[in-house]
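Trainee: Would you mind keeping the following structure in view while I ask a few things?
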Amino acid sequence: MKLTNRSHGAAPTRIAKHHRRLNGAALLAGIGLGVVLGASSYVAFELLGTVSGAFNALSVLTSMIGTYLCLMLLVLVSRIPAIERSFGHDRMVILHRTLAPYSLFLIGAHVIFSTVGYALGHNINVVQQFVDFNLQYPWMLPATVGFGLMVMAGVASYRRVRSKMKYETWWTTHLYFYVAVAISFGHQIEGGRVFLNNPWLKPIWISVYALVAATIFVGRIALPLAFSLRHRLRVAAVVEENKDVVSIYITGRKLDKLKARGGQFFQWRFMVRDWWWQAHPYSLSAAPHDEWLRITVKSLGDQSSALSKRLKPGTRVVAEGPYGIFTEDRRYTDEVVAFAAGIGITPIRAMLEELPLASRATVIYRALDATQAPLMQEMKELGEQRGWNVHCLFGPPADHPLTLEHIEKFAPRIGESDIYICGPGGFTVGVQKLAEAAGVPEFRVHHEAFAF
Ligand SMILES: Cc1cc2nc3c(=O)[nH]c(=O)nc-3n(C[C@H](O)[C@H](O)[C@H](O)COP(=O)(O)OP(=O)(O)OC[C@H]3O[C@@H](n4cnc5c(N)ncnc54)[C@H](O)[C@@H]3O)c2cc1C
């Protein structure tokens with residue numbers, strides 16, 4: 001297939017616009033937290049006076065703030081493309097991961113405080129109180145099960161545990177988190193002191209839940225379904241790039257209407273036996289074309305190694321996206337220095353393809369040798385056509401240290417450029433340090449990680 005893309009033209013985003021969105025979102029989240037804190041503090045304050053009341057007050061505060069954070073966690077991974085485009089999928093996932101333990105600890109604290117508070121109030125031991133809660137209080141048993149599921153998802157996400165699990169196992173435990181939130185809803189609405197004391201808050205809280213549920217439904221079900229029906233994607237060709245890497249060309253209807261950019265990725269679901277339920281993130285490896293999209297995949301695990309065998313022309317594909325902000329319109333300057341390592345070339349090649357003609361680019365492509373550098377020839381040809389400097393730096397890391405002294409030989413204007421990086425974690429950190437040494441401000445350093 002001929003690699004020419006449709007043109008998007010230049011549109012460098014302005015720092016102020018991005019910051020306005022960030023500030024707007026932070027303000028909205030802050031107002032929500034303020035309202036929750038205000039309403040629960042009011043109720044908590046009224047409970048103070050006895051030891052049992054103090055525990056119940058803490059229980060109210062921890063439950064409301066923990067649940068609010070929990071709902072935020074769900075919004076962060078709801079995958080609404082407009083939100084993702086504003087903040088970046090990886091940043092939303094990182095924030096989700098950072099907030100998640102706090103939510104879990106707060107809800108755990110709520111379980112402890114409420115059990116102790118009620119036990120003291122009823123003059124019974126905590127075990128008896130816990131049993132009573134579950135047997136005698138409406139919606140309490142589902143809430144306890146929900147809490148158990150939350151703990152399970154939390155433990156499974158702990159780095160050391162997760163690294164020992166198959167991705168799919170971890171993903172399934174995470175699905176239970178949604179079930180947990182849903183089945184805990186009843187006990188909060190029916191038994192929560194905040195709502196018993198302030199019935200007018202109930203419809204507001206129910207609306208917040210409904211809004212979060214709608215966001216998840218739209219982002220994770222309705223939009224992907226609509227996308228699939230609209231574009232009806234299918235595999236057009238599977239092309240071997242080298243022994244470990246294949247490119248998959250995907251065709252469909254109305255691809256000219258697809259609002260994807262080079263540098264973005266989709267979650268791809270290939271509709272073959274056993275795979276339909278798992279979606280894998282792969283970046284576009286060429287800027288979107290009116291008639292096809294392309295991804296380029298390196299064999300790294302179960303699915304990526306089997307793509308060339310299992311995908312055939314005509315295989316149906318369901319995609320979710322586009323996601324990510326690794327696009328050329330996030331630049332602040334007209335000069336780009338792009339650093340790719342191995343398969344990290346995919347979003348870089350696609351992003352650069354959309355760079356306006358007036359902009360300059362230098363590409364530093366690192367790999368052990370040419371066999372580990374997919375799309376190298378294509379990258380060189382594109383560089384020649386566009387007058388970019390493409391440097392393929394092969395050999396062990398010691399041959400090409402990521403020092404300013406070494407890299408300035410290839411990119412002398414690095415300090416005045418926007419930096420784009422895609423490669424393994426260590427490589428990304430190395431280039432980030434290099435950019436700092438070159439005096440490039442953080443907002444001009446853009447990176448895409450191939451792991452969430
Ligand atoms: C934003 C992004 C863009 C990517 N773009 C490319 C690309 O252009 N080319 C390319 O070759 N690779 C890309 N990857 C990596 C690719 O998604 C994984 O290599 C692939 O999903 C591995 O699946 P597997 O079943 O072969 O491996 P497994 O053995 O199942 O998993 C290997 C590792 O891959 C990750 N992984 C597996 N499944 C998923 C999933 N569904 N979602 C997220 N991570 C998962 C996990 O960290 C896991 O530990 C990208 C990843 C991300 C996050």
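Trainee: With just the Cα atoms defining each centre, how far is the stretch 313-375 from the stretch 113-184? Give it in Å.
Mentor: 43
Trainee: Please identify the chymotrypsin sites (Phe, Trp or Tyr not before Pro) of the stretch 158-246 that satisfy two criteria: DSSP loop assignment and at most 10 other Cβ atoms within 10 Å. Which are they?
Mentor: Values: sites: Tyr158, Tyr167, Trp170, Trp171, Tyr176, Phe177, Tyr178, Phe185, Phe195, Trp200, Trp205, Tyr209, Phe217, Phe227; in loops: Tyr158, Trp200.
Passing both the DSSP loop test and the Cβ count: Tyr158, Trp200.
Trainee: A further question on this structure: Just check the stretch 297-358 against the gyration tensor rule for me: Cα atoms, a ≥ b ≥ c as the square roots of the eigenvalues, rounded for a/c under 1.5, and otherwise prolate or oblate depending on whether a/b exceeds b/c.
Mentor: It comes out prolate by the Cα gyration axes.
Trainee: What's the center-to-center distance, using Cα atoms, between the stretch 220-291 and the stretch 399-452 in Å?
Mentor: Their Cα centres are 29 Å away from one another.
Trainee: Hey, another quick one. Any idea what diffusion coefficient the stretch 144-228 gets from Stokes-Einstein, in µm²/s, Kirkwood Rh on alpha carbon pairs, 10 °C, 1.306 mPa s? Walk me through the intermediate numbers first.
Mentor: Values: Rh = 14.9 Å.
My calculation gives 106 µm²/s for D.
Trainee: Setting aside same-chain residues fewer than 8 positions from Lys298, which lysines have a Cα under 29 Å from its Cα?
Mentor: Correct list for Lys298: Lys2, Lys164, Lys166, Lys243, Lys254, Lys257, Lys259, Lys309, Lys312, Lys380, Lys433.
Trainee: Follow-up question, since we're still on this one. State the extension gain, in nm to one decimal, for the chain segment bounded by Val151 and Ser305, taking 0.36 nm per residue of separation less the distance between their alpha-carbons.
Mentor: Working: separation 154, 0.36 × 154 = 55.44 nm, distance 3.31 nm.
Additional length available on full extension: 52.1 nm.
Trainee: Given the DSSP H assignment, sum -39500 (n - 2.57) over each helix run of at least 4 residues in the chain and divide by its residue total; what's the result at 222 nm in deg cm²/dmol, nearest 500?
Mentor: Details: 16 runs with 235 residues, N = 452.
When only DSSP H runs of four or more count, the value is -17000 deg cm²/dmol.
Trainee: On full extension of the chain, what length is gained from Ala237 through Val131, given 0.36 nm per residue of separation minus the C-alpha to C-alpha distance? Provide the component values of the computation, followed by the final result.
Mentor: Details: separation 106, 0.36 × 106 = 38.16 nm, distance 6.02 nm.
32.1 nm is the gain from fully extending Ala237 to Val131.
Trainee: Let me make sure I get this right: for the stretch 15-217, a, b and c are the square roots of the gyration tensor eigenvalues over alpha carbons, sorted descending. Under 1.5 in a/c it's rounded, otherwise prolate if a/b > b/c, else oblate. Which is it?
Mentor: Working: a/c = 2.13, a/b = 1.40, b/c = 1.52.
Oblate shape, in that a/c is at least 1.5 and b/c is the bigger or equal ratio.
Trainee: Further, regarding this structure: Per-residue counts of other Cβ atoms within 10 Å, averaged by peptide: what ranking do you get for 239-246, 364-371, highest first? List each step's numbers first, then the result.
Mentor: Details: 239-246: 16.1, 364-371: 17.9.
For the peptides 239-246, 364-371, the packing ranking is 364-371, 239-246.
Trainee: Of the trypsin sites (Lys or Arg not before Pro) in the stretch 170-235, which ones lie in a loop per DSSP and count no more than 16 other C-beta atoms within 10 Å?
Mentor: Qualifying residues, ordered by number: Arg232.
Trainee: In addition: Write down the radius of gyration of the stretch 328-448 and its Dmax, each obtained from C-alpha positions, in Å.
Mentor: Over the stretch 328-448's Cα set, Rg and Dmax evaluate to 12.9, 35 Å.
Trainee: Expressed as a whole percent, how much of the Cα-Cα distance distribution for the stretch 232-323 exceeds 22 Å?
Mentor: Value for the stretch 232-323 (Cα pairs over 22 Å): 17 percent.
Trainee: Need one number: convex hull volume per residue for the chain, Cα atoms only, in Å³. Walk me through the numbers before you get to the answer.
Mentor: Working: hull volume 74.1 nm³, N = 452.
For the chain, the hull spanned by Cα atoms encloses 164 Å³ per residue.
Trainee: Test of understanding: what is the full-extension gain from Glu436 to Arg413, defined as 0.36 nm times their sequence separation minus their Cα-Cα distance? Display every interim value, and only then the final one.
Mentor: Numbers: separation 23, 0.36 × 23 = 8.28 nm, distance 1.37 nm.
So the extension gain works out to 6.9 nm.
Trainee: On to the next question. Ranked highest first by the average count of other Cβ atoms within 10 Å around their residues, in what order do 136-142, 332-338 fall? Before the final figure, lay out each step's value.
Mentor: Details: 136-142: 14.6, 332-338: 20.3.
By packing density, highest mean first, the sequence is 332-338, 136-142.
Trainee: Can you compute the radius of gyration and Dmax for the stretch 148-288, using only the Cα atoms, both in Å?
Mentor: Gyration radius and largest Cα-Cα distance of the stretch 148-288: 20.7, 67 Å.
Trainee: Sorting check: for 321-331, 24-34, which peptide has the highest mean count of neighbouring beta carbons within 10 Å, and how do the rest follow?
Mentor: Ranked from most to least packed, the peptides come out as 321-331, 24-34.
Each value in this text was obtained by applying a stated rule to the coordinates, not by laboratory testing. Since this is a predicted model, take the numbers as computed values, not measurements. Here Cβ is always computed from backbone atoms with ideal geometry, including for glycine, and neighbour counts include all displayed protein chains.
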